[in-house]
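Heads up, the thing below is written out as structure tokens.
The values are calculated or read from the model by the stated rules, or taken from the named source; none is laboratory data. For clarity, every value in this text was computed on a predicted model and none was experimentally measured. Neighbour counts run over all protein chains shown; Cβ positions are idealised from the backbone, glycine included. Only protein heavy atoms, including side chains, enter the accessible area calculation; ligands, DNA and RNA are left aside. Shrake-Rupley method; radii C 1.70, N 1.55, O 1.52, S 1.80 Å.
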Amino acid sequence: PVGRAHSATVGGRKRRRSVRIAGHSFQFPLLSLEQACQVTAALQLPAIDIGALKGYAHLDPDEIEAQQQAVADRVRRATESAGLVVSDFFPSFGEGFGERPLNSLDSQVQHANRQRFKAFVSVAQMIGSPGITLLPGVTHPEVGVEQSLSGSAQVFGEYLLIAQDAGLRLSFESHIGAVTDTPERSLELVDRVPGLQITLDYSHFVARSIPETRIHPLIPFAGHLHIRQAQPGRVQVGMASGTLDFGDIARRMRDAGYADYITIEYTWQDWEGCKNVDIVAES
């Protein structure tokens with residue numbers, strides 16, 4: 001679908017948009033943010049997702065909350081200097097999946113996360129991001145899947161109103177270890193929170209041996225798309241050894257009228273053996 005124009009409804013009006021490929025700041029954690037933007041531009045990508053996962057490269061959520069304007073100014077300088085636009089903003093509340101999850105059972109953490117999310121929204125607006133991607137929370141063993149999912153739905157319902165008031169898309173990425181770690185649970189969450197969207201990444205499902213036929217029903221709810229090759233048991237592999245049929249996925253996204261960025265998200269990190277791939281070559 002690259003370069004094709006699609007219709008998207010915004011504020012009750014239809015406008016034409018083209019699907020474009022983007023990079024991700026997560027791809028180059030050993031570089032500075034400024035250098036990561038320059039490499040993304042050197043790969044001839046016009047846009048970049050800006051990540052801010054605590055403990056992993058570039059931007060720290062604590063700093064974002066405390067110095068919103070300064071962080072936004074730095075991101076703008078880095079992207080504009082490289083000739084890039086921001087395609088998504090992907091921050092976390094705490095480190096990893098378990099620290100300060102979106103569906104925390106602790107009321108004090110819930111309050112702190114709400115204040116942090118408002119800072120995320122402010123920064124997303126200032127850097128020109130069309131939306132925000134969040135992790136959907138975890139399954140708490142003490143309450144089980146159903147109550148954990150209900151907690152995520154409750155928080156997303158509140159956050160969605162804040163994001164919409166700011167003119168931003170809000171979506172979640174279902175990942176290995178998430179409360180929405182199957183396509184069916186992901187569908188249940190968007191069903192419970194009308195207007196919430198999915199940052200769709202097939203690799204997290206394929207790594208758990210979930211067939212593509214079970215993932216395709218998520219496409220109508222996709223507000224953003226991450227791509228990298230994967231195979232059963234491996235969330236990230238080279239293009240030559242992956243099992244994902246991106247030609248088929250692209251046709252399905254086109255037919256569904258998908259009109260956002262497609263972000264290449266090969267990452268270099270210890271998690272799930274992701275250091276074993278040549279990030280630049282595979283991108």
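Once the range 191-203 is narrowed to residues that are within 16 Å of the chain's Cα centre (by Cα) and open to solvent by less than 10 Å² (accessible area, probe 1.4 Å), the residue that is farthest from I264 (Cα to Cα) is L196.
Taking the range 238-274, which residues are surrounded by 19 or more Cβ atoms within 10 Å (Cβ to Cβ) and aliphatic (A, V, I, L, M)? Result: L244, I249, M253, A259, I262, I264. Residues of the range 121-134 that are open to solvent by less than 30 Å² (accessible area, probe 1.4 Å) and not hydroxyl-bearing (S, T, Y): V121, V123, A124, I127, G131, I132, L134. Taking the range 1-25 as the range and being at pLDDT 90 or above and open to solvent by less than 30 Å² (accessible area, probe 1.4 Å) as the test, the residues that pass are A22, G23, H24, S25.
Restricted to the range 68-100, and to residues that are at pLDDT below 95 and more than 17 Å from the chain's Cα centre (by Cα), which residue is surrounded by the most Cβ atoms within 10 Å (Cβ to Cβ)? Across the range 68-100, the extreme among qualifying residues is R100.
Exactly one residue out of Q164, Q154, Q147 is of a type outside the set (A, V, I, L, M), touching a strand residue (DSSP E or B) at 6+ places or on another chain (Cβ under 8 Å) and open to solvent by 10 Å² or more (accessible area, probe 1.4 Å): that is Q164. Considering the range 204-237 alone, what residues qualify as being part of a loop (DSSP other than H, G, I, E, B), surrounded by 16 or more Cβ atoms within 10 Å (Cβ to Cβ) and over 14 Å from the mean Cα position of the chain (by Cα)? Passing the criteria: A207, I210, Q229, A230, V235, Q236, V237.
Scanning the range 135-144 for residues that are surrounded by fewer than 24 Cβ atoms within 10 Å (Cβ to Cβ) and of a type in the set (A, V, I, L, M, F, W, C), which turns out farthest from E65 (Cα to Cα)? Per the stated criteria, the residue is V143. Per the conditions (1) at pLDDT 95 or above; (2) over 19 Å from C274 (Cβ atoms); (3) β-branched (V, I, T); (4) open to solvent by less than 60 Å² (accessible area, probe 1.4 Å), the sole criterion not satisfied by V39 is (2). Only residues that are open to solvent by 10 Å² or more (accessible area, probe 1.4 Å) and not charged (D, E, K, R): list them for the range 103-120, please. Matches in the range 103-120: S104, L105, S107, Q108, V109, Q110, H111, A112, Q115. For the range 200-222, which positions are closer than 16 Å to H24 by Cβ and not polar (S, T, N, Q)? If the condition is that a residue be closer than 16 Å to H24 by Cβ and not polar (S, T, N, Q), then L200, D201, Y202, H204 are the ones that fit. Among the residues of the range 86-127, the ones that are acidic (D, E) and assigned to a strand (DSSP E or B) come to 2 in all.
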